[in-house]
Amino acid sequence: MIVCGVELTGSDAVVCLLNRDRGQFNLPECKVRKVSLPKNHSRDDLKQFQMAFAELMAEYGVTSVAIKERMQKGRFAGGAISFKMEAAIQLINSAELTVTLLSSQLIKSTLASNPLPIAFADTGLKAFQEAAFIAAYVGQLQSGARSN
């Protein structure tokens, strides 16, 4: 099962694919590291973002998307554009795709009981993909728990 971890930052959806097959994790090669929405976007731009994201998920056979939830208030609150991108991803009309939001507390507790099996530096991913990688890992563990 392939999970796509997503971190929404600014006007970018940073992605990381993670596959789990017979208990083993691996990182499928993905030509896309982020899907962007123009800062001064129109309704058509938002639809284009949604379509590009949906096509990427279909191309790689992704069945689950795990989005790192952003704070709604406070110093680390997410911007309006990131909430629009989140909604666009959640509203993708696909029976094969499940979208889950992962709270910071859920991520921390999951990592405490199931530490990453590999150091991030050893994954070969770009540094800006670390939060998306962690979201994909936690998403894999959560979807595995749901399917058991």
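Scanning for something among the polar types (S, T, N, Q), under 18 Å from G124 (Cα atoms) and either free of Cβ contacts under 8 Å to residues at least 24 places away in the same chain or surrounded by 13 or more Cβ atoms within 10 Å (Cβ to Cβ) (or both), does the range 5-23 turn up at least one residue?
Within the range 5-23, one or more residues are among the polar types (S, T, N, Q), under 18 Å from G124 (Cα atoms) and either free of Cβ contacts under 8 Å to residues at least 24 places away in the same chain or surrounded by 13 or more Cβ atoms within 10 Å (Cβ to Cβ) (or both).
Any chance you could count how many residues in the range 9-34 are modelled with pLDDT under 95 and within 20 Å of R70 (Cβ to Cβ)?
Within the range 9-34, residues that are modelled with pLDDT under 95 and within 20 Å of R70 (Cβ to Cβ) number 3.
A quick yes/no check of all residues on (1) over 14 Å from the mean Cα position of the chain (by Cα); (2) closer than 27 Å to T110 by Cβ; (3) charged (D, E, K, R):
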| site | (1), (2), (3) |
| --- | --- |
| V35 | no, yes, no |
| P38 | yes, no, no |
| S42 | yes, no, no |
| A52 | yes, no, no |
| T63 | no, yes, no |
| Q72 | yes, yes, no |
| G79 | yes, yes, no |
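State which residue pairs qualify: first residue in contact (Cβ under 8 Å) with a residue 60 or more places away in the chain and inside the range 77-101, second residue surrounded by 18 or more Cβ atoms within 10 Å (Cβ to Cβ) and among the aromatic types (F, W, Y) in any location, beta carbons under 7 Å apart, and separation of 6 or more residues or different chains.
What qualifies is M85/F49; I89/F53.
Give S113, S104, S109 a once-over and let me know the one that is modelled with pLDDT of 95 or more, more than 14 Å from L18 (Cα to Cα) and surrounded by 12 or more Cβ atoms within 10 Å (Cβ to Cβ).
S109
Taking G124 and the conditions (1) at pLDDT below 95; (2) among the small types (G, A, S); (3) assigned to a helix (DSSP H, G or I), which numbered condition does it fall short on, given that it satisfies the others?
With respect to (1) at pLDDT below 95; (2) among the small types (G, A, S); (3) assigned to a helix (DSSP H, G or I), G124 is out only on (3).
Cβ-Cβ under 6 Å, sequence separation 6+ or interchain: first residue in the range 43-60 and under 15 Å from E86 (Cβ atoms) and modelled with pLDDT of 95 or more, partner part of a helix (DSSP H, G or I) and of a type in the set (A, V, I, L, M). Which pairs?
Short answer, once both residue conditions are applied: L46/A88; F49/A88; Q50/A88; F53/I89.
All but one of (1) under 13 Å from the mean Cα position of the chain (by Cα); (2) assigned to a loop (DSSP other than H, G, I, E, B) hold for A95, so report the exception by its number.
(1)
Among the residues of the range 56-67, which ones are in a helix (DSSP H, G or I) and exposed (fewer than 13 other Cβ atoms within 10 Å of the Cβ)?
The one that is in a helix (DSSP H, G or I) and exposed (fewer than 13 other Cβ atoms within 10 Å of the Cβ): E59.
What's the total number of residues in the range 98-121 that are part of a helix (DSSP H, G or I) and of a type outside the set (A, V, I, L, M)?
7
The values are calculated or read from the model by the stated rules, or taken from the named source; none is laboratory data. Since the model is a prediction, treat every value here as computed from it, not as a measurement. With ideal geometry, Cβ positions are generated from the backbone for all residues, glycine too; neighbour counts draw on all protein chains shown.
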